[in-house]
Amino acid sequence: MYKKIRYIGSLLAFSFFNLAQAKELLIATSFSPETMNYIQQEWKDIYPDQNIRLINRTVSSLERLLTQPNIENVDLVMSSSPFLFEKLQQQQYLLPLSKNLQHNDKWVPTQLKQTTTAIAFSGYGIFYNKKLLNDRHLPMPTDWESLFHPHYFNGVLVSSPSRSGSNHIMLEMLLQQRGWKQGWEDFLTLSSNLSLISSRSFNVADKVKAGLAVAGISIDTYALNQPAHSDVDFTYFPHSIASPTFLAIHRNSENTQEAIAFIEFLLSEKGQQMVATHNFAKYPLTSLNQQDPLYSEQQKLLEEPLLNYDLLLAREHLVKKLFDSAITFRLAQLKEAWGILKHKEEVLGKQLPNLRAELTEMPITPEQANDKVFLDMFKTNRSFALAQERKWAEFFQTQINKVLIAIEEH
(Lines give C-alpha, C1' and ligand atoms only; values in the text may rest on other atoms or scores of the structure.)
Protein backbone atom coordinates (compact mmCIF):
# COMPACT_ATOMS: atom_id res chain seq x y z
CA MET A 1 0.00 0.00 0.00
CA TYR A 2 2.65 2.56 1.04
CA LYS A 3 4.88 1.65 -1.91
CA LYS A 4 1.95 2.24 -4.24
CA ILE A 5 1.27 5.65 -2.65
CA ARG A 6 4.90 6.74 -3.04
CA TYR A 7 4.82 5.49 -6.61
CA ILE A 8 1.75 7.57 -7.42
CA GLY A 9 3.24 10.65 -5.81
CA SER A 10 6.39 10.50 -7.89
CA LEU A 11 4.97 9.47 -11.27
CA LEU A 12 4.57 12.53 -13.52
CA ALA A 13 4.69 11.39 -17.16
CA PHE A 14 3.62 8.34 -19.10
CA SER A 15 4.36 6.91 -22.50
CA PHE A 16 1.73 6.14 -25.10
CA PHE A 17 3.01 2.56 -25.29
CA ASN A 18 2.51 1.87 -21.59
CA LEU A 19 -0.95 3.39 -21.57
CA ALA A 20 -2.00 1.40 -24.59
CA GLN A 21 -1.14 -1.88 -22.88
CA ALA A 22 -3.86 -1.56 -20.24
CA LYS A 23 -6.83 -3.83 -20.91
CA GLU A 24 -9.43 -1.50 -19.49
CA LEU A 25 -10.00 1.55 -17.28
CA LEU A 26 -12.99 0.96 -15.01
CA ILE A 27 -14.82 4.09 -13.81
CA ALA A 28 -17.60 3.99 -11.21
CA THR A 29 -19.83 7.03 -11.60
CA SER A 30 -23.18 8.49 -10.60
CA PHE A 31 -23.46 10.30 -13.95
CA SER A 32 -25.81 9.10 -16.64
CA PRO A 33 -24.44 6.88 -19.44
CA GLU A 34 -25.22 9.61 -21.98
CA THR A 35 -23.00 12.10 -20.15
CA MET A 36 -20.13 9.64 -19.82
CA ASN A 37 -20.24 8.21 -23.35
CA TYR A 38 -18.59 11.32 -24.71
CA ILE A 39 -15.63 10.98 -22.33
CA GLN A 40 -15.28 7.36 -23.35
CA GLN A 41 -15.07 8.30 -27.01
CA GLU A 42 -12.63 11.17 -26.48
CA TRP A 43 -10.30 8.94 -24.47
CA LYS A 44 -10.58 6.22 -27.09
CA ASP A 45 -9.54 8.70 -29.78
CA ILE A 46 -6.32 9.41 -27.85
CA TYR A 47 -5.61 5.83 -26.74
CA PRO A 48 -7.30 3.54 -29.32
CA ASP A 49 -6.22 0.35 -27.56
CA GLN A 50 -7.47 1.36 -24.13
CA ASN A 51 -11.13 0.90 -23.28
CA ILE A 52 -13.13 2.67 -20.60
CA ARG A 53 -15.86 0.65 -18.95
CA LEU A 54 -18.47 2.32 -16.77
CA ILE A 55 -20.41 1.35 -13.69
CA ASN A 56 -23.38 3.75 -13.56
CA ARG A 57 -25.16 3.70 -10.20
CA THR A 58 -26.89 6.03 -7.76
CA VAL A 59 -24.64 7.55 -5.10
CA SER A 60 -26.01 5.28 -2.36
CA SER A 61 -25.58 2.22 -4.59
CA LEU A 62 -22.01 3.23 -5.43
CA GLU A 63 -21.18 3.66 -1.76
CA ARG A 64 -22.33 0.10 -1.01
CA LEU A 65 -20.54 -1.29 -4.06
CA LEU A 66 -17.21 0.46 -3.60
CA THR A 67 -16.80 -0.50 0.06
CA GLN A 68 -17.27 -4.21 -0.46
CA PRO A 69 -14.10 -6.29 -0.04
CA ASN A 70 -14.64 -8.46 -3.13
CA ILE A 71 -15.57 -5.86 -5.75
CA GLU A 72 -14.01 -5.55 -9.17
CA ASN A 73 -10.79 -3.57 -9.42
CA VAL A 74 -12.40 -0.17 -9.96
CA ASP A 75 -9.85 2.42 -11.08
CA LEU A 76 -11.63 5.76 -10.76
CA VAL A 77 -14.64 7.24 -9.02
CA MET A 78 -16.43 10.22 -10.59
CA SER A 79 -19.39 12.03 -9.05
CA SER A 80 -20.69 15.40 -7.91
CA SER A 81 -21.45 13.94 -4.48
CA PRO A 82 -18.95 14.89 -1.75
CA PHE A 83 -20.79 12.43 0.52
CA LEU A 84 -19.61 9.50 -1.57
CA PHE A 85 -15.97 10.58 -1.46
CA GLU A 86 -16.14 11.30 2.26
CA LYS A 87 -17.41 7.75 2.95
CA LEU A 88 -14.73 6.22 0.74
CA GLN A 89 -11.94 8.25 2.31
CA GLN A 90 -13.07 7.53 5.87
CA GLN A 91 -12.69 3.83 5.13
CA GLN A 92 -9.39 4.40 3.28
CA TYR A 93 -10.68 3.38 -0.13
CA LEU A 94 -9.08 6.34 -1.93
CA LEU A 95 -5.42 6.76 -2.86
CA PRO A 96 -3.59 10.04 -2.16
CA LEU A 97 -3.00 12.23 -5.20
CA SER A 98 0.27 13.91 -6.07
CA LYS A 99 0.48 17.69 -5.67
CA ASN A 100 0.26 18.36 -9.40
CA LEU A 101 -3.26 16.87 -9.35
CA GLN A 102 -4.43 19.04 -6.45
CA HIS A 103 -4.30 22.49 -8.03
CA ASN A 104 -8.13 22.77 -7.97
CA ASP A 105 -8.26 22.10 -4.25
CA LYS A 106 -10.20 25.30 -3.44
CA TRP A 107 -13.24 23.47 -4.88
CA VAL A 108 -12.69 20.37 -2.78
CA PRO A 109 -13.93 19.96 0.83
CA THR A 110 -11.09 20.33 3.33
CA GLN A 111 -11.17 16.71 4.46
CA LEU A 112 -10.92 15.42 0.88
CA LYS A 113 -8.09 17.56 -0.50
CA GLN A 114 -5.44 14.81 -0.25
CA THR A 115 -7.35 12.23 -2.27
CA THR A 116 -9.87 14.03 -4.47
CA THR A 117 -9.69 16.61 -7.23
CA ALA A 118 -12.30 18.77 -8.98
CA ILE A 119 -12.45 18.71 -12.78
CA ALA A 120 -15.54 20.78 -13.67
CA PHE A 121 -18.69 22.24 -12.15
CA SER A 122 -22.43 22.67 -12.69
CA GLY A 123 -25.07 25.17 -11.59
CA TYR A 124 -28.60 24.71 -10.25
CA GLY A 125 -31.89 25.96 -11.55
CA ILE A 126 -35.22 25.11 -13.16
CA PHE A 127 -35.56 22.86 -16.20
CA TYR A 128 -38.90 23.56 -17.87
CA ASN A 129 -41.06 22.55 -20.80
CA LYS A 130 -41.88 25.62 -22.92
CA LYS A 131 -44.88 24.01 -24.60
CA LEU A 132 -46.53 23.10 -21.30
CA LEU A 133 -45.82 26.59 -19.94
CA ASN A 134 -47.61 28.02 -22.94
CA ASP A 135 -50.52 25.58 -22.58
CA ARG A 136 -50.98 26.60 -18.94
CA HIS A 137 -50.44 30.31 -19.72
CA LEU A 138 -47.52 30.46 -17.29
CA PRO A 139 -44.56 32.85 -17.48
CA MET A 140 -41.03 31.48 -17.58
CA PRO A 141 -39.98 30.40 -14.06
CA THR A 142 -37.20 32.52 -12.59
CA ASP A 143 -36.80 31.48 -8.94
CA TRP A 144 -38.23 29.34 -6.15
CA GLU A 145 -41.29 31.54 -5.64
CA SER A 146 -42.34 31.31 -9.29
CA LEU A 147 -42.89 27.55 -8.80
CA PHE A 148 -45.41 28.19 -6.00
CA HIS A 149 -48.02 29.38 -8.55
CA PRO A 150 -51.25 27.31 -8.30
CA HIS A 151 -51.11 26.56 -12.05
CA TYR A 152 -48.01 24.45 -11.37
CA PHE A 153 -50.16 21.97 -9.41
CA ASN A 154 -48.94 18.43 -10.15
CA GLY A 155 -46.43 19.98 -12.53
CA VAL A 156 -43.12 20.14 -10.63
CA LEU A 157 -40.53 17.38 -10.15
CA VAL A 158 -37.65 16.99 -7.70
CA SER A 159 -35.58 14.04 -6.56
CA SER A 160 -34.97 13.06 -2.95
CA PRO A 161 -31.63 13.87 -1.25
CA SER A 162 -31.49 10.23 -0.15
CA ARG A 163 -31.51 9.20 -3.83
CA SER A 164 -29.68 12.09 -5.47
CA GLY A 165 -26.49 13.77 -4.30
CA SER A 166 -27.16 16.66 -6.68
CA ASN A 167 -30.58 17.32 -5.17
CA HIS A 168 -29.11 17.08 -1.67
CA ILE A 169 -26.53 19.76 -2.47
CA MET A 170 -29.24 21.92 -4.04
CA LEU A 171 -31.42 21.62 -0.92
CA GLU A 172 -28.45 22.43 1.32
CA MET A 173 -27.74 25.45 -0.89
CA LEU A 174 -31.27 26.67 -0.18
CA LEU A 175 -30.93 26.03 3.56
CA GLN A 176 -27.59 27.84 3.77
CA GLN A 177 -28.61 30.80 1.64
CA ARG A 178 -32.07 31.38 3.09
CA GLY A 179 -31.59 29.95 6.53
CA TRP A 180 -32.84 26.70 8.03
CA LYS A 181 -36.39 27.86 8.79
CA GLN A 182 -37.08 29.76 5.55
CA GLY A 183 -35.40 27.11 3.41
CA TRP A 184 -37.64 24.33 4.68
CA GLU A 185 -40.67 26.61 4.50
CA ASP A 186 -39.95 27.18 0.81
CA PHE A 187 -39.57 23.48 0.05
CA LEU A 188 -42.66 22.46 2.01
CA THR A 189 -44.65 25.15 0.21
CA LEU A 190 -43.33 23.82 -3.10
CA SER A 191 -44.52 20.34 -2.11
CA SER A 192 -48.10 21.43 -2.86
CA ASN A 193 -47.19 21.48 -6.58
CA LEU A 194 -45.01 18.36 -6.75
CA SER A 195 -46.24 15.53 -8.93
CA LEU A 196 -43.81 12.96 -7.54
CA ILE A 197 -40.34 12.46 -6.05
CA SER A 198 -38.10 11.15 -8.82
CA SER A 199 -35.66 8.33 -8.13
CA ARG A 200 -32.74 9.95 -10.01
CA SER A 201 -31.81 13.54 -10.80
CA PHE A 202 -31.54 12.88 -14.55
CA ASN A 203 -35.03 11.31 -14.49
CA VAL A 204 -36.34 14.77 -13.61
CA ALA A 205 -35.04 16.19 -16.89
CA ASP A 206 -36.23 13.14 -18.86
CA LYS A 207 -39.78 13.50 -17.57
CA VAL A 208 -39.86 17.24 -18.27
CA LYS A 209 -38.60 16.60 -21.80
CA ALA A 210 -41.29 13.97 -22.27
CA GLY A 211 -43.98 16.45 -21.24
CA LEU A 212 -44.80 14.58 -18.01
CA ALA A 213 -44.13 17.69 -15.92
CA VAL A 214 -43.98 21.42 -16.50
CA ALA A 215 -40.76 22.00 -14.60
CA GLY A 216 -38.14 20.27 -12.52
CA ILE A 217 -35.36 21.37 -10.19
CA SER A 218 -32.12 20.23 -11.77
CA ILE A 219 -28.48 20.86 -12.52
CA ASP A 220 -27.71 22.65 -15.77
CA THR A 221 -26.04 19.66 -17.46
CA TYR A 222 -29.33 18.34 -18.79
CA ALA A 223 -30.09 21.71 -20.37
CA LEU A 224 -26.67 22.47 -21.83
CA ASN A 225 -26.72 19.36 -23.99
CA GLN A 226 -30.15 20.03 -25.51
CA PRO A 227 -30.38 20.52 -29.28
CA ALA A 228 -31.31 23.89 -30.74
CA HIS A 229 -35.05 24.65 -31.01
CA SER A 230 -35.81 22.19 -28.20
CA ASP A 231 -39.14 22.31 -26.35
CA VAL A 232 -37.23 22.55 -23.05
CA ASP A 233 -35.15 25.29 -21.51
CA PHE A 234 -33.37 26.13 -18.26
CA THR A 235 -33.04 29.13 -15.97
CA TYR A 236 -30.48 29.41 -13.17
CA PHE A 237 -31.49 30.21 -9.63
CA PRO A 238 -30.46 33.83 -8.96
CA HIS A 239 -27.69 32.76 -6.56
CA SER A 240 -26.83 29.27 -7.70
CA ILE A 241 -23.57 27.92 -6.35
CA ALA A 242 -20.94 26.25 -8.52
CA SER A 243 -21.22 22.54 -7.72
CA PRO A 244 -17.97 20.67 -8.55
CA THR A 245 -17.52 17.33 -10.25
CA PHE A 246 -15.08 15.23 -8.21
CA LEU A 247 -12.65 12.53 -9.30
CA ALA A 248 -10.49 10.13 -7.27
CA ILE A 249 -8.55 6.87 -7.63
CA HIS A 250 -9.91 3.80 -5.85
CA ARG A 251 -7.38 1.81 -3.84
CA ASN A 252 -8.29 -1.38 -5.75
CA SER A 253 -7.05 0.10 -9.01
CA GLU A 254 -4.66 -2.11 -10.94
CA ASN A 255 -4.12 0.66 -13.49
CA THR A 256 -2.98 3.56 -11.31
CA GLN A 257 -0.66 4.89 -14.01
CA GLU A 258 -3.52 5.09 -16.48
CA ALA A 259 -5.89 6.48 -13.84
CA ILE A 260 -3.46 9.33 -13.14
CA ALA A 261 -3.10 9.95 -16.87
CA PHE A 262 -6.88 10.16 -17.15
CA ILE A 263 -7.05 12.78 -14.37
CA GLU A 264 -4.20 14.74 -15.93
CA PHE A 265 -6.02 14.67 -19.24
CA LEU A 266 -9.22 16.14 -17.74
CA LEU A 267 -7.21 18.85 -15.96
CA SER A 268 -5.28 19.74 -19.11
CA GLU A 269 -6.29 22.51 -21.50
CA LYS A 270 -7.74 19.96 -23.93
CA GLY A 271 -9.60 18.18 -21.14
CA GLN A 272 -11.07 21.42 -19.82
CA GLN A 273 -12.24 22.28 -23.32
CA MET A 274 -13.82 18.85 -23.53
CA VAL A 275 -15.89 19.16 -20.33
CA ALA A 276 -17.36 22.40 -21.68
CA THR A 277 -18.57 20.83 -24.91
CA HIS A 278 -22.18 20.22 -25.78
CA ASN A 279 -21.83 16.50 -25.05
CA PHE A 280 -20.39 16.51 -21.52
CA ALA A 281 -22.09 19.82 -20.66
CA LYS A 282 -20.17 21.02 -17.61
CA TYR A 283 -18.37 24.27 -16.97
CA PRO A 284 -14.57 24.06 -16.90
CA LEU A 285 -12.76 25.37 -13.83
CA THR A 286 -10.43 27.31 -16.13
CA SER A 287 -11.89 30.50 -17.54
CA LEU A 288 -13.68 30.28 -20.87
CA ASN A 289 -12.89 32.67 -23.69
CA GLN A 290 -14.83 35.93 -23.29
CA GLN A 291 -16.47 35.35 -26.68
CA ASP A 292 -17.85 32.00 -25.55
CA PRO A 293 -21.65 32.15 -25.03
CA LEU A 294 -21.22 30.37 -21.69
CA TYR A 295 -18.55 32.78 -20.39
CA SER A 296 -20.90 35.19 -18.64
CA GLU A 297 -22.79 32.46 -16.77
CA GLN A 298 -19.54 30.69 -15.88
CA GLN A 299 -18.15 33.84 -14.27
CA LYS A 300 -21.39 34.53 -12.44
CA LEU A 301 -21.40 31.04 -10.93
CA LEU A 302 -17.73 31.30 -9.98
CA GLU A 303 -18.37 34.58 -8.16
CA GLU A 304 -20.98 33.07 -5.82
CA PRO A 305 -19.72 32.05 -2.35
CA LEU A 306 -18.80 28.39 -2.06
CA LEU A 307 -21.06 26.07 -0.12
CA ASN A 308 -20.09 25.39 3.49
CA TYR A 309 -19.07 21.78 2.87
CA ASP A 310 -18.23 21.13 6.52
CA LEU A 311 -21.84 21.89 7.44
CA LEU A 312 -23.17 19.98 4.44
CA LEU A 313 -21.26 16.84 5.42
CA ALA A 314 -21.97 17.21 9.15
CA ARG A 315 -25.74 17.22 8.71
CA GLU A 316 -25.95 14.90 5.71
CA HIS A 317 -28.00 12.24 7.50
CA LEU A 318 -30.22 14.77 9.24
CA VAL A 319 -31.22 16.51 5.99
CA LYS A 320 -31.81 13.24 4.14
CA LYS A 321 -34.03 11.78 6.84
CA LEU A 322 -35.90 15.04 7.42
CA PHE A 323 -36.71 15.43 3.73
CA ASP A 324 -38.08 11.90 3.46
CA SER A 325 -40.04 12.19 6.70
CA ALA A 326 -41.45 15.62 5.88
CA ILE A 327 -42.08 15.20 2.14
CA THR A 328 -41.26 11.86 0.46
CA PHE A 329 -43.22 9.59 2.83
CA ARG A 330 -46.28 11.85 3.06
CA LEU A 331 -46.40 13.64 -0.28
CA ALA A 332 -49.98 12.55 -1.05
CA GLN A 333 -51.18 13.75 2.37
CA LEU A 334 -49.29 17.03 2.05
CA LYS A 335 -50.73 17.76 -1.37
CA GLU A 336 -54.24 16.96 -0.16
CA ALA A 337 -53.86 19.24 2.87
CA TRP A 338 -52.44 22.06 0.74
CA GLY A 339 -55.25 21.60 -1.80
CA ILE A 340 -57.94 21.86 0.89
CA LEU A 341 -56.22 24.86 2.43
CA LYS A 342 -55.87 26.70 -0.87
CA HIS A 343 -59.52 26.01 -1.73
CA LYS A 344 -60.55 27.46 1.63
CA GLU A 345 -58.41 30.53 0.98
CA GLU A 346 -60.10 31.02 -2.40
CA VAL A 347 -63.53 30.85 -0.76
CA LEU A 348 -62.49 33.36 1.92
CA GLY A 349 -60.64 35.58 -0.54
CA LYS A 350 -57.52 35.71 1.63
CA GLN A 351 -54.57 33.61 2.71
CA LEU A 352 -54.51 31.89 6.10
CA PRO A 353 -50.90 32.44 7.17
CA ASN A 354 -51.27 30.66 10.52
CA LEU A 355 -52.38 27.45 8.82
CA ARG A 356 -49.66 27.76 6.19
CA ALA A 357 -47.16 28.10 9.03
CA GLU A 358 -48.44 24.83 10.53
CA LEU A 359 -47.81 22.98 7.24
CA THR A 360 -44.27 24.37 6.93
CA GLU A 361 -43.17 23.96 10.56
CA MET A 362 -40.14 21.73 11.21
CA PRO A 363 -39.41 19.65 14.34
CA ILE A 364 -35.69 20.54 14.26
CA THR A 365 -34.62 24.06 15.23
CA PRO A 366 -31.88 26.06 13.49
CA GLU A 367 -29.79 25.68 16.65
CA GLN A 368 -30.03 21.88 16.53
CA ALA A 369 -29.23 21.89 12.80
CA ASN A 370 -25.94 23.63 13.59
CA ASP A 371 -25.14 21.81 16.85
CA LYS A 372 -22.15 19.50 16.37
CA VAL A 373 -23.07 17.34 19.38
CA PHE A 374 -26.64 16.82 18.14
CA LEU A 375 -25.48 16.12 14.57
CA ASP A 376 -22.84 13.63 15.74
CA MET A 377 -25.43 11.86 17.89
CA PHE A 378 -27.83 11.62 14.98
CA LYS A 379 -25.08 10.34 12.69
CA THR A 380 -23.49 7.76 15.01
CA ASN A 381 -26.21 6.66 17.45
CA ARG A 382 -28.78 4.61 15.55
CA SER A 383 -31.17 4.32 18.50
CA PHE A 384 -31.14 8.09 18.95
CA ALA A 385 -31.72 8.66 15.23
CA LEU A 386 -34.63 6.20 15.08
CA ALA A 387 -36.24 7.81 18.13
CA GLN A 388 -35.95 11.20 16.44
CA GLU A 389 -37.52 9.89 13.24
CA ARG A 390 -40.47 8.45 15.18
CA LYS A 391 -41.01 11.85 16.81
CA TRP A 392 -40.87 13.54 13.41
CA ALA A 393 -43.46 11.19 11.91
CA GLU A 394 -45.83 11.98 14.79
CA PHE A 395 -45.06 15.69 14.53
CA PHE A 396 -45.79 15.96 10.80
CA GLN A 397 -48.98 13.92 11.08
CA THR A 398 -50.14 16.14 13.95
CA GLN A 399 -49.46 19.28 11.91
CA ILE A 400 -51.53 18.01 8.98
CA ASN A 401 -54.38 16.98 11.28
CA LYS A 402 -54.35 20.37 13.01
CA VAL A 403 -54.67 22.16 9.68
CA LEU A 404 -57.53 19.97 8.46
CA ILE A 405 -59.45 20.42 11.73
CA ALA A 406 -58.87 24.18 11.69
CA ILE A 407 -60.15 24.44 8.09
CA GLU A 408 -63.38 22.70 9.05
CA GLU A 409 -63.85 25.19 11.89
CA HIS A 410 -63.39 28.27 9.67
Close pairs from the range 281-293: first within 16 Å of LEU247 (Cα to Cα) and among the charged types (D, E, K, R), partner modelled with pLDDT under 90 and open to solvent by 10 Å² or more (accessible area, probe 1.4 Å), Cβ under 9 Å, at least 6 apart: LYS282/LEU224; LYS282/ALA276
Helices (runs of 4 or more DSSP H) contained entirely in the range 17-103, each with at least 3 residues that are open to solvent by less than 30 Å² (accessible area, probe 1.4 Å) and over 22 Å from LEU285 (Cα atoms): 59-66
Filter the range 268-284 down to the residues that are under 17 Å from ILE46 (Cα atoms) and small (Gly, Ala, Ser), then identify the one that is most open to solvent (accessible area, probe 1.4 Å). SER268
Any idea which of HIS317, HIS343 is surrounded by fewer than 19 Cβ atoms within 10 Å (Cβ to Cβ), within 30 Å of LEU404 (Cα to Cα) and not aliphatic (A, V, I, L, M)? HIS343
SER253 of a type in the set (Ser, Thr, Tyr), surrounded by 19 or more Cβ atoms within 10 Å (Cβ to Cβ) and not in a helix (DSSP H, G or I): yes
Flag if THR245 is part of a strand (DSSP E or B), within 18 Å of PHE31 (Cβ to Cβ) and β-branched (Val, Ile, Thr): yes
Which one of GLN272, GLN351, GLN290 is outside any loop (DSSP other than H, G, I, E, B) and either in contact with a helix residue (DSSP H, G or I) (Cβ under 9 Å, 6 or more places away or on another chain) or modelled with pLDDT under 95 (or both)? GLN272
Pick from PHE265, PHE237: which is crowded, with 17+ Cβ neighbours inside 10 Å, more than 23 Å from PHE127 (Cβ to Cβ) and in contact with a Gly (Cβ under 7 Å, 6 or more places away or on another chain)? PHE265
Output for the range 320-340, where each listed residue is closer than 21 Å to ARG390 by Cα, open to solvent by less than 40 Å² (accessible area, probe 1.4 Å) and not small (Gly, Ala, Ser): LEU322, PHE323, ASP324, ILE327, ARG330, LEU331, LEU334
For residues that are open to solvent by 10 Å² or more (accessible area, probe 1.4 Å) and aromatic (Phe, Trp, Tyr), scanning just the range 158-208, find the one that is modelled with the lowest pLDDT. PHE202
Looking at the range 372-381 only, could you name the residues that are over 25 Å from the mean Cα position of the chain (by Cα) and surrounded by fewer than 12 Cβ atoms within 10 Å (Cβ to Cβ)? VAL373
So which residues in the range 126-181 are in a helix (DSSP H, G or I) and among the hydroxyl-bearing types (Ser, Thr, Tyr), if there are any at all? SER146, TYR152, SER166
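The values are calculated or read from the model by the stated rules, or taken from the named source; none is laboratory data. Please read these numbers as outputs of a predicted model, since none were measured by experiment. Counting neighbours? That spans all protein chains shown, and the Cβs are built from the backbone with ideal geometry, glycine included. Just the protein is used for accessible areas: all its heavy atoms, side chains included, with ligands, DNA and RNA removed. Shrake-Rupley method; radii C 1.70, N 1.55, O 1.52, S 1.80 Å.
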